[in-house]
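Enquirer: Take a look at the following structure, please.
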Amino acid sequence: MKYFSLVWAGLWRKKTRTVFTMISIVVAFLLFGLLQGINQGFSVAMRTLDVDRLYVSARTGMTDGMPISYLQRIRNLPGVRAVSLWAYFGGYYQDARKVVPAFATDAAELFKVYKEIKIKPEYLAAMEKTRTGVLIRDTLATQYGWKVGDRIPIGTSIWTNKAGSNTWEFDIVGTFDASAYGMGFPAFYLNYSYFDEARSFGTGQVHYYIVSIQDPKQADRISREIDAMFANSSVETRTQTEFALAQSQLKQLGDINFIANAIVGAVLFTLLFLTANTMMQSVRERTSELAVLKTLGYSDTKVLLLVMTESLLLCLFAAALGIGLAAVVFQSPALQKLFGNFSMPTLVMMMGAGIAVAVAFVSGFPPAWRARQLNIVDALAGR
Amino acid sequence: MTALVTLRNVTKSYVRGKQKVEVLHGIDLTIEPGEFLALMGPSGSGKTTLLNLVAGLDQPTTGEVLVAGDRIDQLSRGSLSDWRARHIGFIFQFYNLLPVLTAEANVEVPLLLTNLSKSERRRRVQVALELVGLAERARHKPNELSGGQQQRVAIARAIVSDPTLLVCDEPTGDLDRQSAEEIMNLLTALNRSHKKTIVMVTHDPKAAEYASRELHLDKGLLTNDTRRAA
Ligand SMILES: Nc1ncnc2c1ncn2[C@@H]1O[C@H](COP(=O)(O)OP(=O)(O)OP(=O)(O)O)[C@@H](O)[C@H]1O
Ligand SMILES: [Mg+2]
């Protein structure tokens, strides 16, 4: 574009002012990129969650137990591949602040349901043989310095054992790698059969059945069948896909999201006035220059377009810088740890470009219109 | 010979508040191709107003303005700006260069409106700058040049698209004697060797001496019209 040098030079007429305006735009879009990036990152992560896993809990609430007898009935449904279970143990190590996210489960089934977990077969075999055995996540082992073969006391604020103690002794029989399921995946598993025998109350209660199904497309049908099966039992159930479950747990995050969007919205709105002001000042100062362009035969429309292009260039350039910065931030180790292998979604970049164009148009139009309307004779005479 | 510029009974009025002020009262004027005309007269007599009408920057209130075969008083705003780009070169008292652009970029500004290739534009800019004797200052910004040099850049910009008519509003008004003489010699050369028709408003009788014809305007009326032998 042959007019580029003309537009570019006009943009840098007052360097300091342009730089400051630019910094504001860069910061606004950095903020936008970060918040939207995180937002999109979560929804992308959510979409990759499996729909071939269903979670069955008591209809009245996740902490109310269901009878263990449901296990076999769910397992017998057509289309069900494997069923495991979770009972909260609510553990801690040494003092209540050192939380150990412990669950009682059927380990052999659990690792069928969560296919991506990496575990050595001999650990699974040891778990079957050792009643007081536990399998722990490698990250937890690192955190507390535990090794296979250690006997560890785990406290619980919920369960007393038949010996009347709140502290249970377990033998670590193996570790596993669950990085495929993110940071939130429970890290400590004891044998449900042992737990159920040893606890002094609540016998036969389970908090979650985790159902792996053969065909994800059957998720809705099987969910309905499970809930229908227990519809008139003592404990009714509520069956959700993993996606739906995560969504309901992330609802609070949605609220945070709203606030974040509101902040970004406010920042962009302020930006509108800032940019408009910069452009307006710049056009005012250039009254005689614009008049000269018109004198030399630049049409009113051409002058309007030149000013608009200037505004567009300013906004797009700075927005690209801001979103680029956000993309770099996402490559930082801390965020990579949080989100896994995550990069700035293309959608966010496109949204950013769209907003930049909108800001450029809204803030560039009034000065551009003013430039268009400029009367040559008056402007040249300084009237 | 057909006249290059013909004004027939041209008046120009401005409305100031509720009052209508007539600045030019029925001007009749013809300018032949190749003339170098100096327009003189006291401040406020309407010289700039008349020049603007001839250059297609403004429209008359009544009367006809015929320049280079076009009835420019009948052109729309849009076609008038195209017309100016093709026919008129402008030289102002305060040079009016774009301060952010180098001399050569300033001279190139009118050429951006044409379909010329980049290399052709560059060639023409080079020729124009050489003509005004500033080829070696091509990369300088206006604030790195003296007033006389800036005016020469402005002249290069005015002639680069080879216009039919050069209009100058007090081209030496802001210059010292020496620079003013250089500018007048340059304009004379453009008139004599390059056959450029020039209409120049000036207060300076010394500058007017370079012209082939002197025209006086007083209170919106043409008073004195003298031609000088070349
Ligand atoms: N746009 C306008 N609105 C109102 N009055 C105007 C306008 N343009 C010119 N005038 C008036 O018309 C008269 C002639 O102005 P013009 O600029 O043509 O004078 P001039 O001969 O060029 O004077 P100077 O030598 O000072 O440049 C002046 O009284 C001026 O105030
Ligand atoms: Mg004047």
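No value in this document is a laboratory result; all are computed from the given coordinates. Every value quoted in this text rests on a predicted model; they were computed, and no experiment measured them. Cβ atoms come from the backbone with ideal geometry, glycine included; neighbour counts cover every protein chain shown.
Enquirer: Treat the count of other C-beta atoms within 10 Å as a stand-in for reagent exposure and order A:T237, A:T63 from fewest to most.
Expert: Arranged by neighbour count, lowest to highest, A:T237, A:T63 become A:T63, A:T237.
Enquirer: Moving to a separate point now. Please rank B:R124, A:R370, fewest neighbouring Cβ atoms within 10 Å first, as an exposure proxy.
Expert: Least to most surrounded, the residues fall as A:R370, B:R124.
Enquirer: My understanding is that a pair violates if its Cα-Cα distance is over 30 Å; which of B:K20/B:K206; A:K302/B:K141; A:K2/B:K206; B:K20/B:K195; A:K115/A:K147 do that in this structure?
Expert: Check vs 30 Å cut-off fails for B:K20/B:K206; A:K2/B:K206; B:K20/B:K195.
Enquirer: With a Förster radius of 25 Å, plug the Cβ-Cβ distance of B:D82 and B:R16 into 1/(1 + (r/R0)^6) and report the FRET value to the nearest 0.05.
Expert: 0.20
Enquirer: Quick one: of the DSSP bridges fully inside region A:53-214, what percent are antiparallel, nearest 5?
Expert: Percentage antiparallel, nearest 5: 75.
Enquirer: Just tell me how shielded B:98-105 is by partners: mean number of partner chain Cβ atoms within 10 Å of each residue's Cβ, no decimals.
Expert: Average neighbour count from other chains, rounded to a whole number: 4.
Enquirer: How would B:H140, A:H207 line up from fewest to most surrounding beta-carbon atoms within 10 angstrom?
Expert: B:H140, A:H207
Enquirer: Straight distance only, please: which aspartates and glutamates reach the Cα of B:K196 with their own Cα at less than 18 Å, same-chain residues fewer than 8 apart left out?
Expert: B:E32, B:E35, B:E130, B:D162, B:D169, B:E170, B:E182, B:E209, B:E214
Enquirer: Which value at 222 nm does chain A reach when only helices count, each DSSP H run of 4 or more adding -39,500 (n - 2.57), with the total divided by all residues and rounded to the nearest 500 deg cm²/dmol?
Expert: Rounded to the nearest 500, the figure is -18000 deg cm²/dmol.
Enquirer: Pop a pseudo-label 7 angstrom from the Cα along the beta-carbon direction at both A:F317 and A:S193 and give the gap in nm to one decimal.
Expert: Label at A:F317, label at A:S193, 7.3 nm between them.
Enquirer: Continuing with the same structure: So, in nm, how far is label A:T60 from label A:A228 when the simple model puts each one 7 Å beyond its Cα toward the Cβ?
Expert: It is 2.5 nm.
Enquirer: Relative contact order (percent) for region A:53-214, with alpha-carbon contacts under 8 angstrom and 6 or more residues of separation?
Expert: 38
Enquirer: A follow-up question, please. Nearest 10 degrees, 0 to 90: what angle lies between the long axis of helix B:77-87 and the longest principal axis of chain B (Cα atoms)?
Expert: 60
Enquirer: In addition: How far apart, in nm, are the 7 Å Cα→Cβ label points at A:K147 and A:N261?
Expert: Result: 5.2 nm between the two label points.
Enquirer: Among DSSP beta bridges lying fully in the protein assembly as shown, give the percent that are antiparallel, nearest 5.
Expert: Bridges in the protein assembly as shown are about 70 percent antiparallel.
Enquirer: Helix A:251-285 against the longest principal axis of chain A: what's the angle in degrees, Cα atoms only, rounded to the nearest 10?
Expert: Between the helix axis and the principal axis of chain A, the angle is about 10 degrees.
Enquirer: Now for a separate question. Need one word for region B:72-230: rounded, prolate or oblate. Basis is the Cα gyration tensor (sqrt eigenvalues a ≥ b ≥ c); a/c below 1.5 gives rounded, then a/b vs b/c decides.
Expert: Oblate, because a/c is 1.5 or more while a/b does not exceed b/c.
Enquirer: For chain B, what is the relative contact order in percent, using Cα pairs closer than 8 Å and at least 6 residues apart in sequence?
Expert: Relative CO of chain B lands at 28 percent.
Enquirer: Could you tell me whether region A:53-214 comes out rounded, prolate or oblate from its Cα gyration tensor? Rule is a ≥ b ≥ c as square roots of the eigenvalues, rounded for a/c under 1.5, then prolate if a/b exceeds b/c, otherwise oblate.
Expert: oblate
Enquirer: Going Cα to Cα from A:K294, which aspartates and glutamates come in below 13 Å? Please leave out same-chain ones fewer than 8 positions away.
Expert: A:K294 reaches A:D378, B:D58, B:D82.
Enquirer: Counting partner chain Cβ atoms within 10 Å of every residue's Cβ in A:4-14, what's the average?
Expert: 3
Enquirer: To the nearest 0.05, how large is the calculated FRET efficiency for A:K115 and A:R17 if R₀ is 60 Å and r is the Cβ-Cβ distance?
Expert: Using R0 = 60 Å, I get an efficiency of 0.50.
Enquirer: Further question on the same structure: Tell me whether chain A comes out rounded, prolate or oblate; compute the Cα gyration tensor, take square roots of the eigenvalues as a ≥ b ≥ c, and use a/c under 1.5 as the rounded threshold.
Expert: Prolate shape, in that a/c is at least 1.5 and a/b is the bigger ratio.
Enquirer: Enter the angle in degrees (range 0 to 90, nearest 10) between the Cα long axis of helix A:15-47 and the first principal axis of the Cα atoms of chain A, meaning the one along which they spread out most.
Expert: Helix A:15-47 sits roughly 30 degrees off the main axis of chain A.
Enquirer: Rank by packing, highest mean first: peptides A:273-283, A:225-235, with packing defined as the count of other Cβ atoms within 10 Å averaged across residues.
Expert: Highest-to-lowest ranking by the protection proxy: A:273-283, A:225-235.
Enquirer: Please give the FRET efficiency for B:E120 paired with B:A189, using the beta carbon to beta carbon distance and R0 = 25 Å, rounded to the nearest 0.05.
Expert: 0.55
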